[in-house]
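A.B. asks: Please read through the structure below; I'll follow up with questions.
The values are calculated or read from the model by the stated rules, or taken from the named source; none is laboratory data. What you are looking at is a predicted structure, and each value in this text was computed from that prediction instead of being measured. Heads up, the Cβs are rebuilt from the backbone with ideal geometry, glycines too, and the neighbour counts pull from every protein chain shown.
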Amino acid sequence: MRYNVLFLCTGNSARSIMAEAILNRKGRPNFVAYSAGSRPAGIVRPEALRQLQLAHLSTEGLRSKDWSEFTRVDAPQLHFVFTVCDNAAKEVCPVWPGQPMMAHWGVPDPASVAGTPGQIEKAFRDAFMTLDRRIGLFLCLPLASLDKLAIKKEIDRIGHE
């Protein structure tokens, strides 16, 4: 089975973009990842693109987009929706209607970090590493052999790793 996964964030400029690229590389051929935002910034942060390039991940086709693109009739049927906004930062996480399995994987927003170039790069690297680790754990789940409740429990647990 091929699973469609949507990573949602507020601005869709860093965290959700990085998660989309990571899963599209590591999850092939069983997963297709997408990303979107509730209030898209309209740009992908160059620091996020740099992290992807350093990890030798494709940045082709990545763009900041509104989550309404995934509510259209011709949108892919989603199996999983992960919000990656950070509740601790008082961000408003988008709510996804419909039937996909949902989980919150809060990651601090590296785009909100002010400081030296080194501090900003570290924030983006930390976000990338957190997402990479969580996606790796998600890919280890035996989805075909677990029932929906067990999958939900496991993906929620991964969000707290």
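Per-residue answers, yes or no, for (1) closer than 19 Å to ARG134 by Cβ; (2) not aliphatic (A, V, I, L, M):
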{"site": "VAL5", "(1), (2)": "yes, no"}
{"site": "THR10", "(1), (2)": "yes, yes"}
{"site": "ALA14", "(1), (2)": "yes, no"}
{"site": "MET18", "(1), (2)": "yes, no"}
{"site": "TYR34", "(1), (2)": "yes, yes"}
{"site": "ARG39", "(1), (2)": "no, yes"}
{"site": "GLY42", "(1), (2)": "no, yes"}
{"site": "GLU47", "(1), (2)": "no, yes"}
{"site": "LEU52", "(1), (2)": "yes, no"}
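A.B. asks: Condition first: in contact with a Gly (Cβ under 8 Å, 6 or more places away or on another chain) and of a type in the set (D, E, K, R). Now tell me which residues in segment 44-69 satisfy that.
C.D. replies: Quick first cut of segment 44-69, residues in contact with a Gly (Cβ under 8 Å, 6 or more places away or on another chain) only: 64-67.
The answer is LYS65, ASP66.
A.B. asks: Considering only residues of segment 44-76 that are surrounded by 13 or more Cβ atoms within 10 Å (Cβ to Cβ) and aliphatic (A, V, I, L, M), which is farthest from SER112 (Cα to Cα)?
C.D. replies: ALA75
A.B. asks: Checking TYR3 against (1) at pLDDT 95 or above; (2) out of contact with any Gly (no Cβ under 7 Å at 6 or more places or on another chain), which test does it fail?
C.D. replies: (1)
Quick grid of which residues meet (1) among the polar types (S, T, N, Q); (2) in a loop (DSSP other than H, G, I, E, B); (3) modelled with pLDDT of 95 or more:
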site: SER35; (1), (2), (3): yes, no, yes
site: PRO40; (1), (2), (3): no, yes, no
site: LEU49; (1), (2), (3): no, no, yes
site: GLN53; (1), (2), (3): yes, no, yes
site: HIS56; (1), (2), (3): no, yes, yes
site: SER64; (1), (2), (3): yes, yes, yes
site: SER68; (1), (2), (3): yes, no, no
site: ALA75; (1), (2), (3): no, yes, no
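A.B. asks: Sticking with this one: When residues of segment 19-33 are filtered for being among the hydrophobic types (A, V, I, L, M, F, W, C) and assigned to a helix (DSSP H, G or I), how many remain? Break it down into steps so the answer makes sense when it comes.
C.D. replies: Of the residues in segment 19-33, the ones among the hydrophobic types (A, V, I, L, M, F, W, C) are 19, 21-23, 31-33.
Remaining after also requiring assigned to a helix (DSSP H, G or I): 19, 21-23.
So the answer is 4.
A.B. asks: Output yes when any residue across segment 8-15 is at pLDDT 95 or above, among the basic types (Lys, Arg) and within 13 Å of the chain's Cα centre (by Cα), and no when none is.
C.D. replies: yes
A.B. asks: Looking at segment 109-147 only, could you name the residues that are at pLDDT below 90, surrounded by fewer than 16 Cβ atoms within 10 Å (Cβ to Cβ), part of a helix (DSSP H, G or I) and among the hydrophobic types (A, V, I, L, M, F, W, C)?
C.D. replies: ALA144
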